[in-house]
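First comes the structure, then the notes that go with it.
Rule-based calculations on the coordinates, nothing more; no lab input. Everything numeric in this text was worked out from a predicted model, so none of it was measured. Glycine also receives a Cβ, built like all others from the backbone with ideal geometry; neighbour counts cover every protein chain displayed.
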Amino acid sequence: MASEKARGQSVADRISHQLREHIISGKLPPGTALIEMDLAAEYDTSRNSLREVLHQLGREGLVTFVRHKGVVVRTLNRQDVRDLYVARRTLELHALNTAELAQPALLEKMQTAIRAAERELDKENWQAVGTHSLRFHQHIVALQKSALLDEFFRTISAQLRLVFAADPDEKRVQTPDWIQREYQIYDLLTQNRRSEAVTTLARYLDDSERMLVEAIKRGHRDAA
């Protein structure tokens with residue numbers, strides 16, 4: 001493990017990033033046990049490094065430490081959803097209000113995410129639809145050209161994925177109208193219609209928050 005020790009924090013960062021991406025993509029749903037020994041073998045790292053990764057994910061609100069069970073991927077509640085949407089409005093609306101909108105590379109990435117979501121919708125791959133939606137909003141935040149905000153929003157995206165999974169039928173969360181509304185936001189951005197884009201995104205976030213709070217309620221009723 002000498003080379004790993006030399007790299008230090010970069011090893012933990014790399015594994016944290018990969019586990020975070022697995023949560024965003026839905027590969028690690030709420031309640032999944034993260035077994036230290038198994039993960040250390042999978043990522044070819046020491047258990048000390050893995051322990052550091054799990055503590056980092058805990059600080060990000062993605063995992064929790066359960067007595068007699070170890071580390072599990074978190075299950076979020078309604079207050080978590082409200083907190084997430086405070087952060088989303090701060091980051092995404094600020095991006096559209098203040099950032100340069102004419103950024104062709106990011107606009108192209110937004111369009112690519114929308115088209116990818118449409119393809120997955122045709123296949124009724126609801127989990128992938130949600131993943132591409134999260135990518136679209138990641139690109140909105142990226143308009144601000146801040147690596148720190150980009151990384152913060154990746155954590156928010158991972159937590160949102162955990163909320164999506166709260167509904168036993170994710171089809172009820174990932175409906176076609178969300179893709180249409182994202183395309184509308186994208187179209188307004190390409191035309192540099194800032195004020196309309198902000199208003200449309202604000203309405204999108206309001207409706208999305210209400211929908212996810214209802215998903216949490218349904219999940220609790222179904223589990224009862």
For the chain, longest principal axis from Cα atoms; helix 194-223 axis from its Cα atoms; angle between them, nearest 10 degrees, is 50 degrees
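Which order do peptides 59-69, 157-167, 200-210 fall in by mean Cβ count within 10 Å, highest first?
Highest to lowest by the protection proxy: 157-167, 200-210, 59-69.
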Listed residues Met37, Met110, Met211; largest mean-square fluctuation, Gaussian network over the chain with Cα springs below 10 Å, found at Met37
What helix-only [θ] at 222 nm does the chain give? Using -39500 (n - 2.57) per DSSP H run of at least 4, over all residues, to the nearest 500, the answer is -22500 deg cm²/dmol
Expected max-MSF residue from Glu42, Glu124, Glu170 in the GNM of the chain (alpha carbon, under 10 Å) is Glu42
With the dipole of the chain defined by +1 on each Lys or Arg Cβ and -1 on each Asp or Glu Cβ, the option from Leu28, Leu62, Met211 whose Cα lies farthest towards the positive pole is Leu62
To the nearest 20 debye, the chain has a Cα-centred charge dipole, built from +1 on Lys and Arg Cβ and -1 on Asp and Glu Cβ, of 460 debye
Rounded to one decimal in Å, the inverse mean reciprocal Cα-Cα distance for the chain, i.e. its Kirkwood radius, is 18.5 Å
Nearest 10, in degrees from 0 to 90: the angle of helix 147-164 to the longest Cα principal axis of the chain is 90 degrees
